[in-house]
Structures are given as structure tokens and as C-alpha cells.
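The values are calculated or read from the model by the stated rules, or taken from the named source; none is laboratory data. For clarity, every value in this text was computed on a predicted model and none was experimentally measured. Positions of Cβ are backbone-derived with ideal geometry, glycine not excepted, and every protein chain shown enters the neighbour counts. All accessible areas refer to the heavy atoms of the entire protein, side chains included, with ligands and DNA or RNA removed. Shrake-Rupley method; radii C 1.70, N 1.55, O 1.52, S 1.80 Å.
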Number of protein chains: 2
Amino acid sequence: MAGEAGKPRTVLLATEKAFAKDAVTKIEGVFADAKYTLTRLENYKSKDELLTAVASVDAMIIRSDIVDSAVLEKAGKLKLCVRAGAGYDNIDLTACEKKGVVAMNTPGQNANAVAELVFGMMLVSARNNFDGSSGFELTGRSIAFYGFGAVARAVGKLAVGFGMKMYAYDPYIPKDKIAEMGATPVGTVADLFQYQYVSLHVPLTDE
Amino acid sequence: MAGEAGKPRTVLLATEKAFAKDAVTKIEGVFADAKYTLTRLENYKSKDELLTAVASVDAMIIRSDIVDSAVLEKAGKLKLCVRAGAGYDNIDLTACEKKGVVAMNTPGQNANAVAELVFGMMLVSARNNFDGSSGFELTGRSIAFYGFGAVARAVGKLAVGFGMKMYAYDPYIPKDKIAEMGATPVGTVADLFQYQYVSLHVPLTDE
């Protein structure tokens with residue numbers, strides 16, 4: 001898509017912890033195709049840098065970066081704030097609404113990356129940080145999910161490969177749906193703790 | 001099975017690097033049921049300890065422990081030497097044959113344990129030893145096996161879960177068999193090195 005009525009648009013990529021180089025190259029490609037200007041503020045050290053960078057942008061892409069009323073105050077032209085990831089506890093939604101800024105998240109986009117990290121950590125822990133002592137195998141063990149959204153299901157997909165048994169609790173997903181997706185539904189959060197691994201994949205909300 | 005004609009039998013568990021505690025408990029159970037005497041020489045520091053321990057045993061269980069002609073010389077009653085694992089380059093087979101000692105290995109028994117370790121190491125490496133910098137995902141990447149026996153196939157089983165593409169070279173397995181087991185057969189060892197990961201699962205033999 002090109003800018004509305006050919007208007008120039010500027011998008012800020014504000015990442016206190018930068019994306020992988022390949023990802024940034026892809027992002028640059030997308031904006032070049034759209035003839036939008038992309039400005040990058042990566043690995044910044046102080047909030048002042050962010051406050052300066054947002055001043056003239058139409059949209060911004062963030063990770064876990066904090067977008068609060070102070071940032072929104074400085075971002076006079078901002079219309080859109082996209083959070084790469086599922087949780088948006090780092091965005092002040094009330095302040096966004098007051099300023100007419102649309103906030104978006106990208107649930108599920110990094111689910112597999114998280115799932116692989118979960119297994120990396122489980123395997124390293126099972127082998128005592130590779131210290132040469134005897135560890136144990138994951139196969140046949142059980143994993144219980146608190147929340148069975150995109151990330152938990154991606155972890156579950158790998159858990160199947162490892163021959164693990166899966167259990168899940170999610171108040172927003174009917175039990176038969178959980179069963180259909182390959183996990184045994186459990187009735188309460190407490191029930192999860194009888195299994196070897198408990199994996200927590202819930203966004204931080206007031207609830 | 002009980003001892004031949006009720007004869008008492010002594011089995012030595014000689015492990016320079018001890019098995020996991022659970023495994024030893026299981027081994028003890030098996031020999032208790034069989035009414036065999038099990039003696040344990042674990043985490044030994046010098047070959048002299050091994051040479052002393054083998055003197056009066058009928059059989060021995062080892063891991064990567066070296067059973068050469070010096071050990072066999074001292075083991076006057078030895079009839080059987082079982083190597084937990086696939087490779088038996090640590091056993092002098094010629095000397096065993098001369099002494100009438102049967103040597104056995106246990107191919108495939110620890111295949112899944114090895115496979116999980118392989119993935120643990122691949123994941124840690126992909127994430128730069130968890131140093132906080134950006135890593136990459138294994139999904140969609142390719143893994144090539146030099147040797148497609150029990151261990152490689154166990155690694156392959158996990159690789160499928162990770163959405164990886166598999167390639168294999170094994171001079172002892174027909175190409176259609178390799179394809180049947182889920183990997184694309186390649187013609188030469190050199191061909192393996194065009195893929196992201198090359199996994200070597202071959203016993204050490206003169207060949």
C-alpha cells in the first residue's frame with residue numbers, strides 16, 4: 001500500500017533491544033516497497049532518545065518498549081503503534097485512546113521462537129547445564145500449560161515430538177477445544193502443579 | 001534367569017563415569033531378582049582399581065571404559081562383557097575372542113537421550129548460549145545425517161517436530177529405506193555439507 005493520497009509517511013522502529021538483522025532488513029524492504037520512510041532507533045539507552053525520536057512519526061513499531069503518556073505527549077502525529085509480540089502491558093491503552101492512537105499487537109508471530117527457547121531451556125536444565133553429570137530425558141514426562149494460546153500450542157507441537165504428555169488450563173478455551181488440540185484439560189490452576197513441567201504463557205493484564 | 005545349575009554369579013558394574021542413580025537402582029533390582037551378586041566400581045580414578053575389581057567376576061557391564069588385554073588378563077573368570085552403548089572401540093575384540101569372552105553392545109538404547117542432547121546443544125547454539133542477543137529458529141532449517149542408524153533416526157524424530165528438513169547418507173542403508181524413514185537420501189558424504197546442520201552418528205571403527 002502507498003501513503004494515503006500520496007502523502008509521505010514516516011514510521012519509527014523503536015527497539016530498546018534491536019531485532020535480528022535479517023528481520024530489520026525485511027522490515028526495511030516492506031517500507032521501501034510502500035515508499036514510506038523508516039527511521040530506526042535501536043538499542044537506545046535513555047527514554048529521552050525515544051521522546052525525541054517519536055516527535056514527527058506517523059506510526060511506530062516497538063517490542064517491549066514502554067509507550068506511556070509521556071511518549072504519546074511528544075508524538076504529535078502518531079496514529080498507529082504496533083507491538084511486535086502478544087503482550088501489550090507496555091502500552092498505555094487509555095492514553096492511546098485519548099490521543100486517537102491505534103495500538104496493535106501480533107499474537108502468535110513469535111510463538112515458535114518462544115517454544116524453541118522453552119525447549120532449549122528445558123533440555124539444558126535436564127542435563128544440568130551440560131556440566132557432564134547425569135541428567136534425564138524429557139520423553140515420557142509431562143508438561144502442563146497455564147494458558148493454551150499460540151505460544152503454549154507451539155510448545156505443545158514440540159512436546160509431541162519429544163513424546164511428552166500434555167495438560168492445559170485455559171479459562172477462555174472450552175475443554176473440548178483443548179482436548180481437540182492435543183492436551184488433557186485440567187479443572188484448576190492448582191491441578192497443573194502435579195506435572196513435571198508447568199509452562200506459563202499468559203499476557204500480563206490486570207486480571 | 002538364575003545362575004546356571006544354581007551357581008553363584010558375580011557381575012561387575014565398572015563405570016569410570018557412573019550411570020544415573022535411577023539406572024543403577026534398576027540394575028541392582030534386575031540382579032537381585034536373578035540372585036546374582038553385583039559389585040560396583042563407579043567413578044574410579046585409576047586403571048589399577050579396574051584391574052583389581054575384574055579378578056573374580058563372571059561378567060561385567062561397562063560404558064566407555066577401556067577393556068584391553070591387560071584387563072582381560074586379570075579377569076580370569078570373565079565370560080561376558082556388555083558395553084552400554086553402540087560403539088565398542090573401547091573393547092579389544094581380538095583379545096576377547098582369544099580368551100573366550102563374549103562382548104555385547106546395546107545399540108539404540110540411548111538413542112533418544114543422545115537425540116535430546118543434540119537438540120539441547122543446537123538450540124543453545126542457535127541462541128548464542130542464551131547471552132541475550134538475537135538468535136535464530138531451527139524451524140525450516142535443514143539437518144543432514146552422516147549415518148542413519150538408531151541415533152540419527154531419534155534425532156530425526158525430534159527434527160520433524162521442529163519442522164526441519166532432513167537429508168541422510170548411509171552406505172549400509174538402501175536409499176529407498178532412508179526415504180521411507182523420512183529423510184532425503186544424498187549420494188556422497190560431501191553432499192551433506194550443503195545443509196545447515198550436519199550430524200555425525202557413526203561408531204568408531206577401522207573403516
Check: Based on Cβ point charges of +1 for Lys and Arg and -1 for Asp and Glu, what charge dipole magnitude is obtained for the protein assembly as shown about its Cα centre, in debye rounded to the nearest 20?
Finding: 240
Check: What nm distances, shortest first, do you get from the label point of A:Leu80 to those in the other copies when the point sits 7 angstrom along Cα to Cβ?
Finding: 7.2
Next item on the list: Would you mind working out the accessible area per residue for region B:9-104, using a 1.4 Å probe, and quoting it in Å²?
Entry: 54
Check: In nm, one decimal, shortest first: how far is the label point of B:Ala34 (7 Å from Cα along Cα to beta carbon) from the matching points in the other copies?
Finding: 7.0
Notebook entry, point to check: Can you give the mean number of other chain Cβ atoms that lie within 10 Å of the Cβ atoms in peptide B:151-157?
Noted result: 1
Check: Given R₀ = 51 Å, FRET efficiency for B:Lys99-A:Thr184 by Cβ-Cβ distance, to 0.05?
Finding: 0.40
Checklist line | B versus A: buried accessible surface, summed, Å² (probe 1.4 Å, to nearest 100) | finding: 2100
Check: Between B and A, which B residue has the Cβ nearest their rotation axis, distance in Å?
Finding: B:Gly161, 1
Checklist line | Teacher prompt: B:Glu49 distances to equivalent labels in other copies, 7 Å Cα→Cβ, nm | finding: 5.5
Checklist line | Amide N proximity, region A:7-25 versus A:Lys77 label position 7 Å along Cα-to-Cβ, cut-off under 19 Å | finding: A:7-15
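Let's see if you can work this out: charge +1 on each Lys and Arg Cβ, -1 on each Asp and Glu Cβ, no other charges. What is the dipole magnitude of region A:9-104 about its Cα centre, in debye to the nearest 20?
Values: 15 positive and 14 negative charges, 44 e Å.
Using only the charged Cβ atoms, the result is roughly 220 debye.
Across peptide A:108-118, what mean number of C-beta atoms from other chains lies inside 10 Å of a residue's C-beta? Walk me through the intermediate numbers first.
Values: counts 0, 0, 1, 0, 6, 8, 1, 3, 11, 6, 1.
The per-residue average across the peptide is 3.
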Next item on the list: Give me the percent of the accessible area of region B:110-200 that comes from carbon and sulfur atoms, probe 1.4 Å, all protein chains in place.
Entry: 57
Next item on the list: Please give, to one decimal in nm, the separation of the simple spin-label points placed at B:Phe130 and B:Asn90, each 7 Å out from Cα toward the Cβ.
Entry: 2.9
Checklist line | Among A:Val101, A:Ser125, A:Gly147 - extreme Cα towards positive end, dipole of chain A, charges at beta-carbon | finding: A:Val101
